[in-house]
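The values are calculated or read from the model by the stated rules, or taken from the named source; none is laboratory data. The shown structure was predicted, so the numbers you read here are calculated from the model rather than taken from an experiment. All Cβ positions, even for glycine, are placed from backbone atoms using ideal geometry, and neighbour counts span all protein chains on display.
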Amino acid sequence: MWNKLSNIFEHLTKKKRGQGADYYNYNEFIPADIQQRRSHLRIELFLPLNFWRIIRVAGGIDLSDEALKRGDFQRVPTGGGMGLNLSGSGVLIISSDEFFKDDYIEVDDRVFGKQMNIFGRVIRAGSTNFDNKKICEFAVNFINMKESDYEYLVRSIFDKIKLLKNINRRDYLNSL
């Protein structure tokens, strides 16, 4: 406990002196019932995404890289789609490919400059016709995500939101 506290004080001292202190995770000292839910922070965007439909072939229960290698699940190519909003826990996608609730998906693309392979499960799906074309919208909840990918994704979302707030503030001040 004292070791962790000394790390916090060292971090705060470096930050106060302007020595470019790295991010420090204080969540271990905050009670679980009041911790900020970083996974619910969403950013609205237009993010082209490549993804695979994942189909259960054998008796595999858990979707993982090992289960794919064993042949329990199979990847089926799709035409890709567009991410409309993104959070640490999932993404909302529109595509010409139709998905249904409880379908599995693997996002296989660069997200904010980092190549990611993230499994997900469709939790909500719907479709509509627009200009004689079928457009499908589905919400994906990420599953079995690597901790490093999760941290990178959340940190990138925070950075993008901060950048957008600065741009909006600068535009407002310039209009005065």
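Here are a few things to note about the model shown:
- Residues in segment 145-163 that are more than 16 Å from Gln115 (Cβ to Cβ) and surrounded by 13 or more Cβ atoms within 10 Å (Cβ to Cβ): 6 in all.
- Meets criteria (out of contact with any helix residue (DSSP H, G or I) (no Cβ under 9 Å at 6 or more places or on another chain) and outside any strand (DSSP E or B)) for Ile167: yes
Yes or no, residue by residue, for (1) under 18 Å from Leu47 (Cα atoms); (2) part of a strand (DSSP E or B); (3) in the same structural domain as Gln74 (by TED's automatic domain parsing):
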residue: Ile93; (1), (2), (3): yes, yes, yes
residue: Phe99; (1), (2), (3): no, no, yes
residue: Arg110; (1), (2), (3): yes, yes, yes
residue: Met116; (1), (2), (3): yes, yes, yes
residue: Phe119; (1), (2), (3): yes, yes, yes
residue: Ile123; (1), (2), (3): no, yes, yes
residue: Ser127; (1), (2), (3): no, yes, yes
residue: Asn141; (1), (2), (3): yes, yes, yes
residue: Met145; (1), (2), (3): no, no, yes
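- Residue list for segment 76-126, filter: under 11 Å from Trp52 (Cβ atoms) and hydroxyl-bearing (Ser, Thr, Tyr): Thr78, Tyr104
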